[in-house]
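Okay, structure first, notes after.
The values are calculated or read from the model by the stated rules, or taken from the named source; none is laboratory data. Quantities reported herein were computed from a predicted structural model and do not represent experimental measurements. Because the Cβ atoms are built from the backbone with ideal geometry, glycine has one as well, and the counts that use them run over all protein chains shown. These accessible areas exclude ligands, DNA and RNA; they are computed on the full protein's heavy atoms, side chains included. Shrake-Rupley method; radii C 1.70, N 1.55, O 1.52, S 1.80 Å.
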Number of protein chains: 2
Amino acid sequence: MTDRPVTKTHQRRPEARPAEILAAALELFAEKGFTATRMQDVASRAGLSKAAIYLYYKDKMALLQALVQEMAGANLTVAAGIAEHYQGPARPLLRQILMFMAGQLRSTRFPDLLKIIISESRAHPEIGRMYFENVISKGLPIFESVIRRGIASGEFRNVDPAFAVKSMVAPMLLAAIWKTVFEPLGAEQLDIEAFATQHVDGFIRGIAA
Amino acid sequence: MTDRPVTKTHQRRPEARPAEILAAALELFAEKGFTATRMQDVASRAGLSKAAIYLYYKDKMALLQALVQEMAGANLTVAAGIAEHYQGPARPLLRQILMFMAGQLRSTRFPDLLKIIISESRAHPEIGRMYFENVISKGLPIFESVIRRGIASGEFRNVDPAFAVKSMVAPMLLAAIWKTVFEPLGAEQLDIEAFATQHVDGFIRGIAA
DNA sequence: ACTCTAACTGAATGGCGGGTTAGTTATCAT
DNA sequence: ATGATAACTAACCCGCCATTCAGTTAGAGT
């Protein structure tokens, strides 16, 4: 497929382009940030001319929007799936959710994208709103319901579930920021999974009945 | 002082200018973000011509640097003071530290500045490095030592203090992000002090012996 | 009143990079 | 093999804004 001789002139592969462009954009946004990434950089990495990108995406923001939508959708689906089809006690479910998140933070570009969302949300509220509506305002209630279930079953104390969920996921946010902001400045590496393990342990004791 | 008739031409008040310029910059950076704030905006709000700013600050980045230095210094001094001159049990000290942080988050521009640091740290590592060196890498060890003291005295379990401290402050980071990123998009307001109260309560139970 | 200088201003300058335009070429249908 | 057309490119354009420069003026000292 890709091993036939490279011609001197361009190839036409309209079906493959959008995905290739997004992949290039994701790498570059993660490496250099959104603003510092030039459309020309994306084009070069995707093996295209700059103008060709505009055949597939309206403008630079549309690239980011597509990336956020893609990643938000994928992650939330999994997390929601874990939580919804589970029937046993709440404690191991919380563990599982947090360890899943920790794994995602370590192994995907999610932290970089999150940082970009934070950075760009004022200038481009659509991005922030999309993330908020598709991830935050869907994810938090799902986790809340787990806490509520634990309270109802007597596993947990009668805490405010909305606050509890934020206490629960906050260290994952901190880990994402640590990784994308402070590690590049020379801070010691954070072992996200070990951190999550200790955190979820303390968190569960903290809300145990 | 300010109620004498406004003259048509400019005033010369070289001693007052730097502070006025910084105040204007802080307001605008918090309102519109660093990149979106034009030097002309700062100048107008400070009641000066754009060029005059350059008599007092080398460039736009120097404004941000001065703001970060100022706020970082002030806050850390207080927090460190609380922790260092305290002798009693660790539990109420943790409470006091977190409630102090919560109060600062609610009543100052700290969250906005934090968001700017996160956003700009890749393009301008000096800013991120300054914050990391002056706040993070000084603040965390101080809090760690409180945890360590609690472990030594038998108040707390034998947790990893470095992780514990991060679990402890993470909700304050989340609160800052919530306030600066999601509330402007229409998210419900987060009652930071109530959140901190429940969090510190759970956190302490979570690491209690 | 006159001078001198530091404080201040209005008006350029420069370069950067997103987006566009006017063509060029690959590929398919006939 | 020959248009027709979609895919693609090179070169351009243009607005934006940080920074600078060449003056102008406030106001202290005499």
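Miscellaneous remarks
- Positions from region B:190-209 whose accessible area shrinks by 40 Å² or more when the full protein complex is built, not the chain alone, probe 1.4 Å: B:Phe195, B:Gln198, B:Arg205
- Size check on region B:84-203: the Cα extents along the three principal axes, sorted descending, read 44, 34, 24 Å.
- Solvent exposure of chain A, expressed per residue, is 47 Å² of accessible area, with all protein chains present and a 1.4 angstrom probe.
- Over region B:50-165, Cα pairs under 8 Å with separation of 6+ residues give a relative contact order of 30 percent.
- For chain A, the longest principal axis of the alpha carbon atoms and the long axis of helix A:161-177 meet at an angle near 40°.
- Rounded to whole Hz, the Karplus (6.51, -1.76, 1.60) HN-Hα couplings of region A:196-209, x for glycine and proline: 4, 4, 5, 4, 5, 4, x, 4, 5, 4, x, 10, 5, 5
- Remark on A:Phe156: its backbone amide H falls under 5 Å from those of A:Ile151, A:Ala209, a criterion applied only to residues 5 or more positions apart or on other chains, H modelled at 1.01 Å from N.
- Of the solvent-accessible surface of the protein assembly as shown, computed with a 1.4 Å probe and all protein chains present, 56% belongs to carbon and sulfur.
- In this assembly of identical copies, the label point of B:Arg129 (Cα plus 7 Å along Cα-to-Cβ) is separated from its counterparts by 4.0 nm, sorted shortest first.
- Averaging 1/r over every pair of different alpha carbons in region A:155-209 and inverting the result gives a Kirkwood radius of 12.4 Å.
- A simple count of charges around B:Glu183, restricted to other residues whose Cβ falls under 13 Å of its Cβ and scoring Lys, Arg +1 and Asp, Glu -1, yields +2.
- Ordered by 1.4 Å accessible area with all protein chains kept, A:Arg95, B:Arg17, B:Arg148 run largest first as B:Arg148, A:Arg95, B:Arg17.
- Accessible surface buried upon B-A contact (total; probe 1.4 Å; Å², nearest 100): 4000
- Expressed in units of 2.2 N^0.38 Å, where N is the residue count, the Cα radius of gyration of the protein assembly as shown is 1.10.
- For region B:136-150, Karplus couplings with θ = phi - 60° (6.51, -1.76, 1.60), whole Hz, Gly/Pro x: 4, 7, 9, x, 4, x, 5, 5, 4, 5, 5, 4, 4, 4, x
- At 1.567 mPa s and 4 °C, Stokes D of chain A from Kirkwood alpha-carbon radius, µm² per second: 68
- Listed pairs A:Lys179/B:Lys60; A:Lys32/B:Lys115; B:Lys60/B:Lys179; A:Lys166/B:Lys166; A:Lys32/A:Lys60; A:Lys32/A:Lys179 exceeding 22 Å between Cα atoms: A:Lys179/B:Lys60; B:Lys60/B:Lys179
- Gap separating the Cα centres of region A:74-110 and region A:32-69, nearest whole Å: 31
- Volume per residue that the Cα convex hull of region A:30-117 spans, once the total is divided by residue count, Å³: 105
- Projected area averaged over orientations for region B:120-171, convex hull of C-alpha atoms, nm²: 4.1
- Distance histogram for region B:17-56 (every C-alpha pair counted, 5 angstrom bins, percent rounded to whole numbers): 6, 30, 37, 21, 6
- Taking all protein chains as shown and a probe of 1.4 angstrom, A:Arg205 keeps an accessible surface of around 110 Å².
- Calculated [θ] (222 nm, deg cm²/dmol) that DSSP helices of n ≥ 4 give over chain B, each run adding -39,500 (n - 2.57): -22000 deg cm²/dmol
- Inter-copy label distances at B:Gly88 (7 Å, Cα→Cβ; nm, one decimal): 4.3
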